[in-house]
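Below is one structure, written out as structure tokens; the observations come after it.
The values are calculated or read from the model by the stated rules, or taken from the named source; none is laboratory data. Keep in mind that what you see is a predicted model, and the values were worked out from it rather than measured. Because the Cβ atoms are built from the backbone with ideal geometry, glycine has one as well, and the counts that use them run over all protein chains shown. The protein model used for the area step is the full one, side chains on, heavy atoms only, and it has no ligands, DNA or RNA in it. Shrake-Rupley method; radii C 1.70, N 1.55, O 1.52, S 1.80 Å.
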Amino acid sequence: TIAGSATVCSGTNSTALTLSGNVGTIVRWESSASSTFATVTAIANTTASYTAADLTATTYYRAVVKSGTCAETNSAAATVTVDPVSAGGTIAGSATVCSGTNSTALTLSGNVGDIVRWESSASNTFATVTTIANTTANYTATDLTATTYYRAVVKSGTCAETNSATATVTVDPV
């Protein structure tokens, strides 16, 4: 069997795979984009450990073992699942409203990953942030009395969180 199946973020990553319980010598490791190993890439490694690195797509690994004059046999497979890099997307709905009773619909699109939360700030640098417990693509800003900036925080699987582009709701005095 191979220990080390993991989920990683696309790009710079590293996963150590270790074969154990085999009888015979390792002839090579193999990788494939398919769990059926329909197309195989041979890896010139004859040790019990292999490090899969910098993957951009889910990849399956196995070791090929041979004992004496017996036929080669394949180990069980290990899977390194690759999550796409988080992408914040853009928010439609920036508007100018009159102070007091108002309502502005904001909609996030083009994001990769799940919405973790929305954030608002009085500053477009988001030096001070107010967390909005909303994990949907739509948020309605209401009853604003000062210009407010909004963004969504997005996370794809094991990848780091990232922020969307900023939307601005400019508030004019009455």
Of all residues in the stretch 135-144 being assigned to a strand (DSSP E or B) and hydroxyl-bearing (Ser, Thr, Tyr), which is least open to solvent (accessible area, probe 1.4 Å)?
-> Tyr139
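Each row is one residue, and each column tells you yes or no for (1) over 30 Å from Ala33 (Cβ atoms); (2) out of contact with any strand residue (DSSP E or B) (no Cβ under 7 Å at 6 or more places or on another chain).
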{"site": "Asp54", "(1), (2)": "no, yes"}
{"site": "Ala63", "(1), (2)": "no, no"}
{"site": "Asp114", "(1), (2)": "no, no"}
{"site": "Ile132", "(1), (2)": "yes, no"}
Count of residues meeting criterion [outside any strand (DSSP E or B) and open to solvent by less than 20 Å² (accessible area, probe 1.4 Å)] in the stretch 145-174 = 3
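Conditions (1) over 26 Å from Val116 (Cα atoms); (2) in contact with a Phe, Trp or Tyr (Cβ under 6 Å, 6 or more places away or on another chain); (3) of a type in the set (S, T, N, Q); (4) loosely packed, with under 12 Cβ neighbours inside 10 Å, marked per residue:
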{"residue": "Cys9", "(1), (2), (3), (4)": "no, no, no, no"}
{"residue": "Leu17", "(1), (2), (3), (4)": "yes, yes, no, no"}
{"residue": "Glu72", "(1), (2), (3), (4)": "yes, no, no, yes"}
{"residue": "Ala78", "(1), (2), (3), (4)": "yes, yes, no, no"}
Residues (under 13 Å from Lys66 (Cα atoms), among the hydrophobic types (A, V, I, L, M, F, W, C) and touching a residue at least 40 places away in the same chain (Cβ under 8 Å)) located in the stretch 24-48 | Val27
Which ones in the stretch 124-167 are in contact with a Leu (Cβ under 7 Å, 6 or more places away or on another chain) and aromatic (Phe, Trp, Tyr)?
-> Tyr139, Tyr150
Only unsatisfied item for Arg28, checking (1) part of a strand (DSSP E or B); (2) within 20 Å of Ala160 (Cα to Cα), is (2)
Within the stretch 64-76, is even one residue within 25 Å of the chain's Cα centre (by Cα) and either touching a residue at least 24 places away in the same chain (Cβ under 8 Å) or part of a loop (DSSP other than H, G, I, E, B) (or both)?
-> no
Which members of the stretch 49-63 meet the condition of being open to solvent by less than 40 Å² (accessible area, probe 1.4 Å), of a type in the set (A, V, I, L, M) and either in contact with a helix residue (DSSP H, G or I) (Cβ under 9 Å, 6 or more places away or on another chain) or free of Cβ contacts under 8 Å to residues at least 60 places away in the same chain (or both)?
-> Ala52, Leu55
Would you please list the contacts, defined by Cβ atoms under 6 Å and residues six or more apart or on different chains, that run from a residue in the stretch 142-156 that is among the charged types (D, E, K, R) to a residue that is open to solvent by less than 60 Å² (accessible area, probe 1.4 Å)?
-> Arg151/Glu119; Arg151/Ser164; Lys155/Ser86; Lys155/Gly113; Lys155/Val116
